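**Student:** Handing you a structure now.
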Amino acid sequence: MAQSGTAEKIQKLKEERNATILAHNYQSGDVQDIADYIGDSLELSRIAEKIEADIVVFCGVRFMAETASILSPGKKVLLPDMGAGCPMADRITAGGLRKLKAEHPDAGVVGYVNTTADVKAETDISCTSSNAINVVNSMERKKIIFVPDRYLADYVSKNSRKTIIPWNGFCPTHVRISQEDIRRQKELHPDAKVMVHPECIPGVVGIADEVLSTGGMCRYARESDTREFIVGTEIGILHRLRKENPGKKFYPASEQAICPDMKKITPEKILWSLKNMEYEVKVPEEIRIRAKKSVDQMLKVV
Ligand code: 13P
Ligand code: SF4
């Protein structure tokens, strides 16, 4: 719960500074309630590029703020806690990817947006969980290096005719969701549809009714006639799902699916960030230009 008056102070400062607050679907409820826009990685990148604001306060993790800055170098992008990283993104370096590319010179290179800017700069095209299959299918090459999530890579390889060369990365939050968790919830709620994120392990993805990005889950919950859902992703999304669908029921596949980095952002830190204009996320221009090419390629596909 935000301290009393924090939301009002944020609102006032936001207007003075011509700032917009973007929040990822995994942010805690009090942060989501302060935000101007809530979305998945792809939706937030697009919004960051389109909006007319001088300042973007990004409530999410560093690679997301970096992507906003890559697309909108004219805006000041603030991350309220510089420690909000992504352990999956940290599992690959630009040097590591260059080495893999040298081993497979005939392969195209697709990078999940959950990567640092210098890794993106080494890729031909970026993707998010919502467009990974389309992006891979859009490539001319038969062989595709796909980094860094080995589970998203597995999901893509099962849904495309490409030969996928994965990196050994994974999300420590999503791997906590087990098949047993899904089965237990299914027994308790037999009429519920199971929707899971493609970062989940293959055994979980294999027994789901729908495999969706976080934005895809919000759309599916809204448009489906189903009234109950088992949600296999980070539990922050439940706030939005419940708020937008008051007549429907949402059960977390696992209460353990919490991303500690996403939870580093709080309303108090947003206020501090707007007051002090910290921490600015900026990418060196030479890397930004190369990384932007990769993100722009993705935006052409979807
Ligand atoms: P989405 O693109 O589905 O929002 O996923 C981002 C993410 O970090 C998943 O762990
Ligand atoms: Fe990274 Fe996983 Fe957190 Fe998403 S949920 S930001 S992939 S650690």
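**Student:** Any idea which of Ile133, Ile144 is outside any loop (DSSP other than H, G, I, E, B), touching a Lys or Arg at 6+ places or on another chain (Cβ under 8 Å) and more than 16 Å from ligand 2 (Cβ to nearest atom)?
**Tutor:** Criteria check complete, one pass: Ile144.
**Student:** Filtering the range 55-71 down to residues that are assigned to a helix (DSSP H, G or I) and over 15 Å from the mean Cα position of the chain (by Cα), which residue is nearest to Ile289 (Cα to Cα)?
**Tutor:** Ile70
**Student:** Also: Considering the range 243-257 alone, what residues qualify as being not in a strand (DSSP E or B) and not hydroxyl-bearing (Ser, Thr, Tyr)?
**Tutor:** Matches in the range 243-257: Lys243, Glu244, Asn245, Pro246, Gly247, Lys248, Ala253, Glu255, Gln256, Ala257.
**Student:** Provide a single number: the residues in the range 10-34 that are more than 23 Å from Val302 (Cβ to Cβ) and either within 16 Å of ligand 1 (Cβ to nearest atom) or part of a helix (DSSP H, G or I) (or both).
**Tutor:** Result for the range 10-34: 16.
**Student:** Could you list, in sequence order, all residues of the range 211-232 that are out of contact with any Cys (no Cβ under 6 Å at 6 or more places or on another chain), within 16 Å of ligand 2 (Cβ to nearest atom) and within 20 Å of Ile201 (Cβ to Cβ)?
**Tutor:** Those that are out of contact with any Cys (no Cβ under 6 Å at 6 or more places or on another chain), within 16 Å of ligand 2 (Cβ to nearest atom) and within 20 Å of Ile201 (Cβ to Cβ): Val211, Leu212, Ser213, Thr214, Gly216, Met217, Val231.
**Student:** Can I ask one more? Restricting the range 66-103 to residues that are more than 23 Å from Glu285 (Cα to Cα) and hydrophobic (A, V, I, L, M, F, W, C), which is nearest to ligand 1 (Cβ to nearest atom)?
**Tutor:** Met88
**Student:** Can I ask one more? Taking the range 107-165, which residues are among the acidic types (Asp, Glu) and closer than 18 Å to Pro198 by Cα?
**Tutor:** Of everything in the range 107-165, those that are among the acidic types (Asp, Glu) and closer than 18 Å to Pro198 by Cα turn out to be Asp149, Asp154.
**Student:** Right, next: Filtering the range 200-210 down to residues that are within 16 Å of ligand 2 (Cβ to nearest atom) and farther than 17 Å from Leu238 by Cβ, which residue is surrounded by the most Cβ atoms within 10 Å (Cβ to Cβ)?
**Tutor:** So, considering only residues that are within 16 Å of ligand 2 (Cβ to nearest atom) and farther than 17 Å from Leu238 by Cβ, the one surrounded by the most Cβ atoms within 10 Å (Cβ to Cβ) is Val204.
**Student:** Let me ask something else about it. Go through the range 88-108 and give me each residue that's touching a strand residue (DSSP E or B) at 6+ places or on another chain (Cβ under 7 Å) and touching a residue at least 40 places away in the same chain (Cβ under 8 Å).
**Tutor:** Passing the criteria: Met88, Arg91, Ile92, Leu97, Leu100, Lys101, His104, Ala107.
Here's the yes/no breakdown for (1) in contact with a helix residue (DSSP H, G or I) (Cβ under 8 Å, 6 or more places away or on another chain); (2) within 30 Å of Arg183 (Cα to Cα):
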residue	(1), (2)
Gly232	yes, yes
Ile237	yes, yes
Arg242	no, yes
Pro246	no, yes
Pro260	no, yes
Lys275	yes, no
Val283	yes, no
Ala291	yes, no
Met298	yes, no
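**Student:** In the range 258-278, how many are closer than 18 Å to Ile34 by Cβ and assigned to a loop (DSSP other than H, G, I, E, B)?
**Tutor:** Looking only at that region, the number is 4.
**Student:** Mind checking which residues of the range 104-153 are within 24 Å of Lys282 (Cβ to Cβ) and among the small types (Gly, Ala, Ser)?
**Tutor:** Gly111, Ala117, Ala121, Ser126
Where a number appears in this text, it was derived from the coordinates with a stated rule and is not lab data. Because the structure is predicted, anything quoted here is derived from the model rather than measured. Reconstructed Cβ throughout: ideal geometry from the backbone, glycine too, with neighbour counts over all protein chains shown.
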